[in-house]
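Derivation of every value follows stated rules applied to the coordinates shown; laboratory data play no part. From a predicted model like this one, the values you see are computed outputs, not experimental measurements. Here the Cβ is made from the backbone with ideal geometry for all residues, glycine too, and neighbour counts use every protein chain on show.
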């Protein structure tokens, strides 16, 4: 006689923690499941709806850039891949700060197309622009309170 398992033991209901962290969604899911946090709790903390968290964790979509600072605070680390080139460093820093290309270009005082070329490593900033880029890429000191850094 075959053994029939109750529905509650079905493999479809098993919550799986990702073994390898390949996407931001994988990082989010592993961190959220370690304290057994619900998706709706994380959604409230990040400022999105529950469906967004579900889609990120299912790798059906990626978080928008403006949500990344809150996600990084939740994770306690930056899940973005390490940057090797100047262009990758620019993209990583801009994304970490939650800035669009347009916002970042404006803060650097350049055209968005110029920033895009820098990020694709098609061109490199020179002179005063390189100084602005270097300042933008500098990490903020951890000991300086956020209110002080803003001013």
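Please order 56, 118 by the number of other Cβ within 10 Å, starting at the fewest.
On the way: 56 26, 118 23.
Neighbour counts put them in this order, fewest first: 118, 56.
Using only Cα atoms, locate the centre of region 76-93 and the centre of region 38-73, then give the distance between them in Å, rounded to an integer.
20 Å
How much FRET efficiency would the formula 1/(1 + (r/R0)^6) give for residue 19 and residue 75, where r is the Cβ-Cβ distance and R0 is 25 Å, rounded to 0.05?
It comes out at approximately 0.90.
As a footprinting exposure proxy, order 115, 75 by other Cβ within 10 Å, with the fewest listed first. List each step's numbers first, then the result.
Numbers: 115 25, 75 15.
Final ranking by Cβ density, sparse to dense: 75, 115.
Taking R0 as 41 Å, what's the FRET efficiency between residue 40 and residue 106 from their Cβ-Cβ distance, rounded to 0.05? Intermediate values should be presented prior to the final figure.
Values: r = 35 Å, r/R0 = 0.86.
Efficiency, rounded to the nearest 0.05: 0.70.
For residue 60 and residue 121, FRET efficiency with R0 = 35 Å and r from the beta-carbon atoms, rounded to 0.05?
Details: r = 30 Å, r/R0 = 0.86.
Once the sixth-power term is evaluated, E becomes 0.70.
Would you mind ranking 33, 38, 68, 99 so that the residue whose beta carbon has the fewest other beta carbons within 10 Å leads the list? Before the final figure, lay out each step's value.
Details: 33 14, 38 11, 68 22, 99 19.
Going from least to most buried by this count: 38, 33, 99, 68.
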